[in-house]
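Presented below is the structure to which this report refers.
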Ligand SMILES: *Cc1c(COP(=O)(O)O)cnc(C)c1O
C-alpha cells in the first residue's frame with residue numbers, strides 16, 4: 001500500500017504527460033518556455049485572481065512576497081507553530097522575527113482570538129513592528145480568513161496565505177490562494193497538485209506587487225535581463241514542471257472529488273472511535289493529509305506499530321512544533337507556551353490519503369485500528 005500513490009496517477013495521464021514533456025524537449029525552451037506562461041494563465045483563472053507567478057518551490061513562493069513587502073530586521077510576522085518549517089524559515093531568512101500563535105484544536109489552524117492578543121502584546125512591548133500574518137491552511141483546510149482579514153485590517157498587517165497544502169480548497173465560495181494580499185502554494189510531488197520535482201506559485205490581485213515579485217523571481221531584474229534594480233533570487237519554475245502540471249490540471253478537480261470521497265469513508269469508519277477531522281461549514285478541504293488524533297502518545301504508538309506490521313504506511317505531521325525545534329531555540333520559547341500544538345503533536349497521525357485509495361484498502365486500514 002502507498003501513503004500517496006503517484007504511480008497510479010501517472011498511469012492515468014501518462015500519454016498526456018509524455019506528450020507535453022516531449023514537446024518541451026523538442027522546443028529547447030527549458031527555462032521560461034511557453035508552458036510556464038500558459039500554466040500561470042490557467043492557474044490564475046482557476047483560483048479567480050488577477051495574477052499567478054510560478055516559482056521554484058513553495059518556500060520561495062512564501063519568501064518572494066515577504067521580500068517584495070520589504071520585511072526584515074525588527075519586524076514581527078505572526079504564524080502557527082504547528083506547520084512545516086518553511087513557513088517560519090522564510091521569516092527568519094529575512095532577519096524578521098516569527099511570533100508563534102497557538103492553533104484551534106479542531107481545525108489545527110491558527111486561532112484568530114489568540115492572534116489578536118499576540119499582536120496587541122507585541123505592539124505594547126514596542127520592541128518589534130508587527131508587519132504580517134502567515135496563516136497556514138493545514139492538511140488542505142483553509143484558515144479562518146474572515147476573522148483573520150478583519151484583524152489584519154484593524155492592525156494594518158499584510159496577510160500571506162500559506163496554501164502549500166490547500167490548492168483547490170474552497171471557503172465560502174472562494175478558492176484557496178485567493179485569500180490575503182498574496183498566497184503561496186507548493187507543487188512538491190506529494191502536495192494535492194504536485195509536479196515531478198520542486199515548484200510553487202504565488203497569487204495576488206495587486207498588479208504592482210505582482211511586478212515587484214516578478215522582478216525578484218529573476219535576480220531583481222529591471223526592464224532588461226542585465227539591469228538589476230533590487231536584490232532577488234533565481235526563483236523560476238522550469239518548463240518541464242509546467243508541462244507536467246498542465247497535464248495534471250486535466251484531472252485535478254476529479255481528484256479533489258475522489259479525495260473527498262476517501263475522507264468521507266474514513267470518517268464513517270472511524271468516527272466514534274477517533275477524533276476525526278471536523279470541516280467547518282462553508283469549507284471544502286483538499287485533504288493533503290487525513291490526520292486524526294489518538295488518545296495519548298502511547299495509544300498512537302501502538303496503532304502505528306500495528307499498521308506498520310501489516311505493511312500500512314503512516315506519517316506524523318508534525319511531531320515537534322516549531323517553537324520547540326532546535327533551529328528556533330534562539331527565540332527562547334518553552335515547553336508549555338503553546339499547549340494545543342504541543343498536545344496535538346503528541347497524538348496526531350496521518351493515514352494513507354490519495355485519490356486512488358480503494359474502499360477495500362480503507363477497510364483493511366480501519367479494521368486494524370479498531
Ligand atoms: C510543503 C510546504 C511548504 C514548502 O513547500 P516546498 O515546495 O517544499 O518548498 C511550506 N509550507 C507548508 C505548510 C508546506 O506543507
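Taken together, the values in this text are just the output of simple stated rules run on the coordinates, not laboratory data. Just so you know, these numbers come straight off a predicted model, no measurement behind them. Counting neighbours? That spans all protein chains shown, and the Cβs are built from the backbone with ideal geometry, glycine included.
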Report whether or not residue 190 is within 14 Å of the ligand (Cβ to nearest atom) and assigned to a loop (DSSP other than H, G, I, E, B).
yes
Without any contact (Cβ under 8 Å) to a residue 24 or more places away in the chain and out of contact with any strand residue (DSSP E or B) (no Cβ under 6 Å at 6 or more places or on another chain): does that describe residue 126?
yes
Of the residues in the range 58-87, how many are in contact with a strand residue (DSSP E or B) (Cβ under 7 Å, 6 or more places away or on another chain), surrounded by fewer than 22 Cβ atoms within 10 Å (Cβ to Cβ) and at negative phi?
2
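One line per residue, one yes/no per condition, for (1) touching a helix residue (DSSP H, G or I) at 6+ places or on another chain (Cβ under 8 Å); (2) surrounded by 17 or more Cβ atoms within 10 Å (Cβ to Cβ):
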{"residue": "188", "(1), (2)": "yes, yes"}
{"residue": "216", "(1), (2)": "yes, yes"}
{"residue": "221", "(1), (2)": "yes, yes"}
{"residue": "225", "(1), (2)": "no, no"}
{"residue": "241", "(1), (2)": "no, yes"}
{"residue": "254", "(1), (2)": "no, no"}
I need a count of the residues in the range 73-91 that are more than 17 Å from residue 143 (Cα to Cα), more than 10 Å from the ligand (Cβ to nearest atom) and touching a helix residue (DSSP H, G or I) at 6+ places or on another chain (Cβ under 8 Å).
2
Can you find a residue in the range 157-166 that is surrounded by fewer than 22 Cβ atoms within 10 Å (Cβ to Cβ), within 12 Å of the ligand (Cβ to nearest atom) and farther than 30 Å from residue 263 by Cα?
no
Taking the range 86-102 only, how many residues are part of a loop (DSSP other than H, G, I, E, B), under 19 Å from residue 337 (Cβ atoms) and over 19 Å from the mean Cα position of the chain (by Cα)?
0
Does residue 128 meet the test of being away from the ligand (no atom under 16 Å from the Cβ), surrounded by fewer than 18 Cβ atoms within 10 Å (Cβ to Cβ) and within 20 Å of residue 96 (Cα to Cα)?
yes
